[in-house]
Structure formats: C-alpha cells, structure tokens
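We did not get these values from a lab; they are worked out from the coordinates using the rules stated. None of these values were measured; they are calculated from a predicted model. Positions of Cβ are generated from backbone atoms using ideal geometry, with glycine treated the same way; all protein chains shown enter the neighbour counts.
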Amino acid sequence: KHDSPVSCAKKAKTVKAQQILLAELEAHPAAWPFLSPVNQKSVPGYRKVIKKPMDFSTIREKLTNNQYLSLESFIMDVNLVFDNCEKFNEDHSEIGQAGHSMRRYFDKRWTELLK
Ligand SMILES: Cc1ncccc1N[C@@H](C)c1ccc2c(c1)OCCCO2
C-alpha cells in the first residue's frame with residue numbers, strides 16, 4: 001500500500017515527464033488531427049479499419065485519472081495514435097505527414113527527457 005520514498009520519488013518523476021510530454025504533443029502545430037477522437041460517423045471506414053482508436057484528449061483523461069501504471073503503457077498509447085494514423089492515412093497525405101512529424105518529435109523528446 002505504501003511505496004518506499006525512493007520508488008515514490010521515481011514514480012513522481014515519470015508522471016511529471018508524462019505531463020510535460022503530453023503538453024508538448026498537444027501544443028505542437030501538427031497535433032490538429034490527433035487532439036480529439038476521430039468521429040467515426042464522419043470518417044467512412046474508420047470504425048472497421050482501426051481496432052483501437054486513440055487520441056491526445058483520451059491520453060490526457062487517462063493521465064488525469066492515474067490510469068498509466070508505467071511509463072511504457074503511456075508510450076504505447078502515444079505510439080498507438082501514430083500507428084493508427086499510418087494505417088489509415090497515405091504517407092504523403094496532410095494527416096499522414098502530420099503523423100510522421102509528430103512521431104519524430106515524440107521520439108526525440110521522450111529520449112531527451114527520460115534516457
Ligand atoms: C487522425 C485521423 N486519421 C484519419 C482520419 C481523421 C483523423 N483525424 C480527424 C480528427 C480528422 C482530421 C481531418 C478531418 C476530419 C477528421 O474530418 C473529416 C473532414 C476532413 O478533415
């Protein structure tokens with residue numbers, strides 16, 4: 001029930017890093033396709049093709065509700081956003097390009113922050 005001070009401090013560090021990383025993703029100029037859940041009624045085929053939809057507002061909700069038990073599970077949800085984007089969008093489409101740009105940025109920032 002009670003963490004040791006060391007593991008408690010370590011947990012606080014990763015929560016802080018997740019908050020910083022998510023805030024940077026949300027503020028990025030290319031974030032616009034990923035800020036809210038894809039409206040599956042207005043995007044034909046999305047519901048059938050994308051088995052596990054994910055977006056930055058859903059990640060924000062999960063982070064606020066302490067649903068990420070590890071740094072890895074947070075990173076998996078962020079990568080799910082970009083993997084869904086690659087699956088559904090052409091690489092050279094506007095949304096596809098935004099996805100590649102955001103993934104490059106995320107990879108760079110989380111290694112800077114946590115490695
Ligand atoms: C990440 C993603 N992948 C595949 C499709 C859409 C999206 N993002 C959503 C938010 C979106 C972006 C652009 C849109 C759109 C909806 O509404 C239909 C009309 C065109 O403009």
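Observations on the model:
- One residue from H28, H100 being without any contact (Cβ under 8 Å) to a residue 24 or more places away in the chain, buried (at least 16 other Cβ atoms within 10 Å of the Cβ) and within 15 Å of the ligand (Cβ to nearest atom): H100
- Residue satisfying all of: in the range 53-73; touching a helix residue (DSSP H, G or I) at 6+ places or on another chain (Cβ under 6 Å) and part of a loop (DSSP other than H, G, I, E, B); farthest from A98 (Cα to Cα) among these: Y68
- Any hit, the range 4-20, residues being touching a Phe, Trp or Tyr at 6+ places or on another chain (Cβ under 8 Å) and within 16 Å of the ligand (Cβ to nearest atom): no
- Filter pass, P37 being in contact with a helix residue (DSSP H, G or I) (Cβ under 9 Å, 6 or more places away or on another chain), near the ligand (Cβ under 10 Å from one of its atoms) and part of a helix (DSSP H, G or I): no
- Pick from the range 74-94, criterion surrounded by fewer than 17 Cβ atoms within 10 Å (Cβ to Cβ) and assigned to a helix (DSSP H, G or I), ranking: farthest from the ligand (Cβ to nearest atom): M76
- For the range 42-53, a residue qualifies if it is under 17 Å from M76 (Cβ atoms) and either near the ligand (Cβ under 10 Å from one of its atoms) or without any contact (Cβ under 8 Å) to a residue 12 or more places away in the chain (or both), and the qualifying residues are I50, K51, P53.
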